[in-house]
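The structure appears right after this line, and notes come after that.
The values are calculated or read from the model by the stated rules, or taken from the named source; none is laboratory data. Since the model is a prediction, treat every value here as computed from it, not as a measurement. Cβ: placed from backbone, ideal geometry, glycine included. Neighbour counts: every protein chain shown.
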Amino acid sequence: MPALPLREIQAPFPDWPRYAPERPLPAYRYVPGLHPHPVSDPRGHSYGHRPATENPPAPEAWASCTDYRHSVDLHNFGYWWEAHEGWEGIWQHLDKAGEQGQFLQGLIQTSAGLLKAHLGSREGARILFGEAMLRLSGIRPRHYMGVDLALHRERIAACLKALDTGTDLPRDLLPLLRLHP
């Protein structure tokens, strides 16, 4: 499978909303082996910066959490490594087995799956998308922390089908997140 070009991730979605516009997107999207590591390399876009992670919000108060909304922006605009790191900063403060912990782990794995697909690792992407589906399938409300879970799971399933059939990820069905109040 050809890599999903990061520079094209925005092209099909010119009107895609930003959920934390007060926070700029990083100078580059980190791709291992292509860019300096964002945190450990002195040339990295976040070198020397330790993000101050907010306390996790209650699921119904997701809109009050800038870290969460910014991680959604990072994910939607192809900054998959950065989104993973942002959500993980919140996830670290949660009960990992609880509903909110499972939800955030599912989002983390979705971003990691997209990064693996971009790197051409079909098996790595398949494993991560499968894990995301497992974690997200146990969450019962249709909308959780602003995400339409049924739609998100459908999009992950479309990516899994593409990976299984050897086709490119369907750009119009990428598991991006449109938050709903």
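Would you confirm whether or not region 94-109 contains a residue that is of a type in the set (Phe, Trp, Tyr) and out of contact with any Leu (no Cβ under 8 Å at 6 or more places or on another chain)?
no
Yes or no: region 111-128 includes at least one residue that is hydrophobic (A, V, I, L, M, F, W, C), within 24 Å of residue 35 (Cβ to Cβ), at pLDDT 95 or above and within 9 Å of the chain's Cα centre (by Cα).
Yes - at least one qualifying residue is present in region 111-128.
What are the residues in region 147-164 that are under 27 Å from residue 63 (Cα atoms) and among the acidic types (Asp, Glu), if any?
148, 154
Output yes when any residue across region 143-164 is farther than 25 Å from residue 55 by Cα, crowded, with 18+ Cβ neighbours inside 10 Å, among the aromatic types (Phe, Trp, Tyr) and at pLDDT 95 or above, and no when none is.
There is no residue in region 143-164 that is farther than 25 Å from residue 55 by Cα, crowded, with 18+ Cβ neighbours inside 10 Å, among the aromatic types (Phe, Trp, Tyr) and at pLDDT 95 or above.
Within region 24-43, work out how many residues are touching a Pro at 6+ places or on another chain (Cβ under 6 Å) and within 21 Å of residue 73 (Cα to Cα).
Residues that pass the stated criteria total 1.
Checking the structure you have, find out if any residue of region 98-118 is among the hydrophobic types (A, V, I, L, M, F, W, C) and surrounded by fewer than 20 Cβ atoms within 10 Å (Cβ to Cβ). Step through it out loud before you land on a result.
To start, the set of residues in region 98-118 that are among the hydrophobic types (A, V, I, L, M, F, W, C) comprises 103-104, 107-108, 112, 114-115, 117.
If we keep only those that are surrounded by fewer than 20 Cβ atoms within 10 Å (Cβ to Cβ) as well, we get none.
Among the residues of region 98-118, not one is among the hydrophobic types (A, V, I, L, M, F, W, C) and surrounded by fewer than 20 Cβ atoms within 10 Å (Cβ to Cβ), which makes the answer no.
Would region 66-79 turn up any residue that is part of a helix (DSSP H, G or I) and surrounded by fewer than 17 Cβ atoms within 10 Å (Cβ to Cβ)? Can you show your working first?
Kept after step one, since they are part of a helix (DSSP H, G or I), are these residues of region 66-79: 66-76.
Now drop any that are not surrounded by fewer than 17 Cβ atoms within 10 Å (Cβ to Cβ), which leaves 66.
Taking every residue of region 66-79 in turn, at least one turns out to be part of a helix (DSSP H, G or I) and surrounded by fewer than 17 Cβ atoms within 10 Å (Cβ to Cβ).
Please indicate, with yes or no, whether at least one residue in region 92-109 is in contact with a Cys (Cβ under 9 Å, 6 or more places away or on another chain), in contact (Cβ under 8 Å) with a residue 12 or more places away in the chain and either of a type outside the set (Asp, Glu) or under 30 Å from residue 161 (Cβ atoms) (or both).
No, that holds for no residue.
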